[in-house]
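Presented below is the structure to which this report refers.
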Amino acid sequence: MSQKVRAKFNCHYIQKREGGGVEVNMSAVVDGSEESESFSEYTPSGNLNIVIDKGEAQNLFKEGKDYYLDFSKAE
């Protein structure tokens, strides 16, 4: 049986890094809609900072947009 947790995060800001790449700052979404509020039961708070150095992934995130984050055990 595989267990998964889905969280919903909002991209607060994207900062370009000296020498290339971007830093993406996100936090858990827990209100604003019925769907968003349903996430607060499992992920009531959280922050995520990631650095993306190269490639198209740098263009994936947009400030102010929401994203799903899926967790499952690595095996």
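Can you tell me which residue in segment 7-32 is nearest to Asp70 (Cα to Cα), limited to those that are surrounded by 11 or more Cβ atoms within 10 Å (Cβ to Cβ) and of a type in the set (Lys, Arg)?
Taking the candidates together, the pick is Lys8.
I'd like the residue in segment 20-62 that is over 13 Å from the mean Cα position of the chain (by Cα), part of a loop (DSSP other than H, G, I, E, B) and among the charged types (D, E, K, R) and, out of all such residues, is modelled with the lowest pLDDT.
Glu41
Among the residues of segment 33-48, which ones are among the aromatic types (Phe, Trp, Tyr) and either farther than 17 Å from Asp70 by Cβ or crowded, with 17+ Cβ neighbours inside 10 Å (or both)?
The answer is Phe39, and nothing else.
List every residue pair whose Cβ atoms sit under 8 Å apart, with the two residues 6 or more apart in sequence or on different chains, where the first one lies in segment 17-32 and is on the phi < 0 side of the Ramachandran plot and the second, anywhere, is among the acidic types (Asp, Glu) and not in a strand (DSSP E or B).
Going by the 8 Å Cβ cut-off, the qualifying pairs are Val30/Glu37; Asp31/Glu37.
The values are calculated or read from the model by the stated rules, or taken from the named source; none is laboratory data. Keep in mind the model is a prediction, meaning the values are calculated, not measured. Here the Cβ is made from the backbone with ideal geometry for all residues, glycine too, and neighbour counts use every protein chain on show.
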